[in-house]
Amino acid sequence: MSISKELNERCQGNCEICSSAPAVNEYIVSPKKGTSINDNVALCAGCNAALDASNYNALKGFAEGSIWNPVAPLQALSYRIIQGAAGEEEAVSAASSAGLDEEVIQWGASALIQAPVHKDAFGNVLENGDNVVLTQALDVKGTNFTASKGTVVKKIKLVSDNHEHIEGKINEQSIVILTKYVKKS
């Protein structure tokens, strides 16, 4: 994305992370939407490529300097880079030294918080719509039947707030199944 006139004026034509190369990309600091200059950072091609590849180690040294900039999206992105490269403890220390607001710290950390991954009994990643096979017989609570080992459950749904649960239908009955009792087919 090209750089808006307003952002170009703020960065004076230079990358806001490394300060040594011309800014060519307008980077939206997620989870913001990019609707305001206060959601974006101006980056050179190299810093943009490193961020796209999540290569935080390549940018850590620059971020330790840019975290001191008073611009909130740059502070949040710098915090994110330091946390991604060195860990939360070093990022918190840098944020404390730079006097960052708590909301900027939360903004910076938000993209590194990963959603839980649903995995079957054998470590295979499960996704919505997958078909699974039961690896053992299961008593289905609230019904009068047992789902036998080898039963195929088609088009599962992942339970978003618990990575150990999936939803599926057996005998036209919607049930919750523990991921440790299924194998992706």
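The values are calculated or read from the model by the stated rules, or taken from the named source; none is laboratory data. Keep in mind that what you see is a predicted model, and the values were worked out from it rather than measured. Cβ sites come from the backbone with ideal geometry, for glycine too, and all protein chains shown count toward neighbours.
Summary of values
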| quantity | calculated |
| --- | --- |
| Criterion violated by ALA111 - all others in (1) closer than 30 Å to ALA63 by Cβ; (2) among the aliphatic types (A, V, I, L, M); (3) in contact with a His (Cβ under 7 Å, 6 or more places away or on another chain); (4) surrounded by 14 or more Cβ atoms within 10 Å (Cβ to Cβ) satisfied | (3) |
| Any hit, region 7-27, residues being under 20 Å from the mean Cα position of the chain (by Cα), among the hydrophobic types (A, V, I, L, M, F, W, C), assigned by TED's automatic domain parsing to the domain that holds ILE105 and part of a helix (DSSP H, G or I) | no |
| Residue match in region 98-116 (condition: among the hydrophobic types (A, V, I, L, M, F, W, C), outside the structural domain of ASN69 (by TED's automatic domain parsing) and touching a strand residue (DSSP E or B) at 6+ places or on another chain (Cβ under 7 Å)) | no |
| Any hit, region 76-84, residues being touching a strand residue (DSSP E or B) at 6+ places or on another chain (Cβ under 8 Å) and in a helix (DSSP H, G or I) | yes |
| Enumeration of residues in region 124-153 that are exposed (fewer than 12 other Cβ atoms within 10 Å of the Cβ), part of a loop (DSSP other than H, G, I, E, B) and of a type in the set (Val, Ile, Thr) | none |
| The listed residue being under 22 Å from the mean Cα position of the chain (by Cα), of a type in the set (Asp, Glu) and crowded, with 17+ Cβ neighbours inside 10 Å, out of ASP101, ASP39, ASP52 | ASP39 |
| Residue match in region 120-135 (condition: outside the structural domain of SER19 (by TED's automatic domain parsing), out of contact with any Lys or Arg (no Cβ under 7 Å at 6 or more places or on another chain) and at pLDDT below 95) | yes |
